Each structure stands twice: as C-alpha cells, then as structure tokens.
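> The structure's right below; bear with me while I get my questions together.
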Amino acid sequence: MDLFQLTTNTDAADVAALREENRRLRKVCQALMERVETGSGADPAPYAAFERSVLLAEQVRERTDALHRTLDELSQVNTRLLAAKAEAEAANLSKTKFLAAVSHDLLQPLNAARLFASALETHSLPDTSQALVGHIGRSLKDVEGLIGTLVDISRLDAGVLHADKAPFAVSTLLDALAEEYRQVAGVRGLTLHYVPSSAVVESDLALLARVIRNFLSNAVRYTEQGRVLLGCRRRRDGLEIMVGDTGPGIPEQQREAIFLEFRRANQPNSSHSRGLGLGLAIVDRISAMLGQPISLASRPGAGALFSITVPYATVAPPAVARTHYTPLPDIAEDPLSGCVIWVIDDDLAIIEGMQALLGSWGCRVRAAATVSALEAVSDGERPAVLLVDYHLGDHRETGIELAARQQRRYPGLAAVVITANHEAEIKRATREAGMYCLLKPLKPLRLRMLLATLLNKA
C-alpha cells in the first residue's frame, strides 16, 4: 500500500515525484529493518545499548528473585535460631534451678559438718587428732567453695543473679575480711597488713565481698613468704579497694587469660594451684554486673596488685550497715562467754552443730525447730541474740517474720537470719527489717565476729 493517498486532481508530475519519494522511503525502511533484524550495520550502538539494557533488566530480575529467596531462607534460619536460643535459655535456667536446689540440699549437711569440725578445733585434742580435724575442716571448706563457685557461675550465665546496691561503710566489709584473712595468712606463715578506711560506698555488699575475698584467697594461696596488703585509695571517681602480695607475680602474657573460665596462672609451685580456675572469671562477671572496674598490676618476681573501684555513696547508709566488726577478744573478756543465744532451724543436724560450735565458744545455747519448742527449754531466760533459718519447715512464715515477732516480744533483741538462698531480695528484706544476714555454709569466724560485735553493742 502506498504511503501517501493521492487526490484525483493531482497532476502527473506530482504523482511521479510522490511515487519516487515513496520508493526511496521504502528502501530506507527496508534497510533499517534489515539492520534491526541482523544486528549489523555501520553503527550498532543504539541497538547494542538496548540489548544491554534488556540483559541487565533480566539479571536484575534474576538477582532480585535470588535475594528474595535468600531473605526467606534467612528468615527461616532466624526463626530456628530464636527457637534454639529460647530453648537454650530455658535449659540454662533449668540447670540453674537444679544446681540451686542441689546445692541447697548439699550445703545443709555440709554446713552441719563444718560446724562440728569447727567445734572440734576448739577442744584440747592430741596433736595427731588436731591435725586430722584441721584437714577435715580444710577439705570441707574446699568442697563448699567448689559448690558455691559452680552455682555462682551458673546463676551468672543464666542472668538470675542481680545486684542489690546499697550504701555502707566500707569498714563493715574490710574489717571482717581483714580479721578473717589475718588468721588464714598466719597459718601460711604470712603477715596481713591492713589499712582501714572510713569511706562510705555504694555497692552490693555480698558481691563485693566475693570479689575481695577472691583477691585475698589468691594472694594467700600463691604467696610463699612475705606479706599480703589490704587497703584503700581514694580516687576522684571512687574508692579503689586493693589487695597486694609479695608472691611470684603474673606474666604480662597471662594477665588477660586468668580472667577466663578454667584458666589459672602458670606458677612454678603447683602445690597451691588447686581449684577450677573459675574464681577470677566470676570476679570479672561480677565487676561487669556492678559496673565497677577491676585492674591488675604485676611484675614477675615482685608480686601482684588486684583492685576494684567502687563509687562513693550519695546518701548515708542505714544504721544496720554501719556495723564495725569487733576483732576477736581475749578469752578473759570474751562477750560470748555466758551469753544466751537462741537458734531456730528445722534441720536437726544444723541444730546440733550450732549447739556444739556456740557451746565451744562459751555461749548458753537454746536451739529448737519452733519458737514454742524453744521457749519450752529456755527456762524463762531472755535471749541476747536470735539466729534463725530463713526457710522454715512449715513455710507459714519466713525467718524474717519470725524474728520480727520475737523482737516485738523482746525489745532490743539482735536478730541474724541465716539462709542458703543468695537472692538479692532476701538480703534486701533482711536489711530493711534492721537485721543481719549470713549465708550458708556459715563461716564460723565470721559468725563469731558478728556475735561479738552485736553483744558489745548491747
């Protein structure tokens, strides 16, 4: 068909010209069509660009599809990971609860055994028997430390251990630790040099005590001769509590590794390298939980200096937290001699162990599982101190509630709540009630120092 329609009044010349133009245009159109079909020609750039764009569009589509498939797979993987994480957390929490329950059941007879062993140490025994009793006590201490460490690391991993920060005079903690480790160091032939401090800080007293106790234990364990230092240094950002020793020191290449689980410094004397290597790992995690940094300075052959920086308190501590532990007095002036102490615990072994230990200190002990049974054997004597287990068998009331009831009956009665449960809520409730809290297994020396302090205040 012609490209142009001619009218009837067009002359022949115009028709011929139009036909020639039509022929030329057809030729051009044909040439263009051949170029498009064959992809050849003098200048293929426009078509090549078009072809590349089509190819790129196809690649984009394919890669977009692949990306969508990958995203779908990642979504499925993330879903499985979340499910696995939730399952792992549930398993970890279950493990923690199991360890807590098992540790409580283990700590009860262990606590009784420690009480009996400590009571035996106060008796006049032949040297061989005295040595055997000492070995028993140290072995029981190692067992309780192992159980406590395993439970602590499990609770830290599960995130169920929370800090209970409160203001307290740092002497409340350090005086007791200094007195305790002065005797521990003396057994090893070491001298403990203690520099007291009057600073008031804010931290979790029990967790901070765990940190300082670990520092002191390591210092005594790895120091063959010389001394151990316990003291404080006031810094702008807080109080730096330091524990130093004259031991072999820690090589620089090992200073990070010793804060990892199951890692200990390589010491030439391996006889004192007992343990799982979890102590400093726990210290590191407690430090992170408290937000209170630890540091280490050491030189091989010149000892080591561990420290933790604790913020100053912005408010005054409650009255119960101002306790300054009284150093152990001479026997002639011992306030425990002849004092009446009530013990309430539903475990018969604990009752017998407390009677043996407190009786060896000269106390007049009245012990029973209930208040009514206790009053029946008290002969009307007014108690000076009440030691009560937190979890009582009937579960009708806690040890705090029972102690509060007895304090209303006996105004001025000092109360100490004893528990194997390390939850911050219990410690907080005890503190708010104006009472004292000791954790099982009991440290006999710590118990004696607290009793001496309470009786001296009475």
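> Between VAL315 and ARG396, what is 0.36 nm times their sequence separation minus the Cα-Cα distance? Round to one decimal in nm.
Numbers: separation 81, 0.36 × 81 = 29.16 nm, distance 3.58 nm.
Going from the current span to full extension adds 25.6 nm.
> For ASP346 and ALA376, FRET efficiency with R0 = 22 Å and r from the beta-carbon atoms, rounded to 0.05?
Efficiency, rounded to the nearest 0.05: 0.85.
> What is the distance, in nm, between label points placed 7 Å from the Cα along the Cα-to-Cβ direction at ALA86 and at ALA49?
That separation, rounded to one decimal, is 5.6 nm.
> Give the order of THR430, THR191 when sorted by the count of other beta carbons within 10 angstrom, beginning with the fewest.
Values: THR430 23, THR191 14.
So the residues, fewest neighbours to most, are THR191, THR430.
> Where does each of GLU252, GLU375, GLU179 land when they are ranked from fewest to most other beta-carbon atoms within 10 angstrom?
Numbers: GLU252 10, GLU375 16, GLU179 19.
With the sparsest Cβ surroundings first, the list reads GLU252, GLU375, GLU179.
> Determine, for PHE306, PHE215, the number of other Cβ atoms within 10 Å of each Cβ, and report the residues in order from fewest to most. The partial results should precede the final answer.
Numbers: PHE306 24, PHE215 29.
Taking fewest neighbouring Cβ atoms as first place, the list is PHE306, PHE215.
No lab work stands behind these numbers, since they all come straight from the coordinates. Remember, it's a predicted structure, so these values are computed and weren't measured experimentally. So basically every Cβ, Gly included, is an ideal-geometry build from the backbone, and we count neighbours across all protein chains shown.
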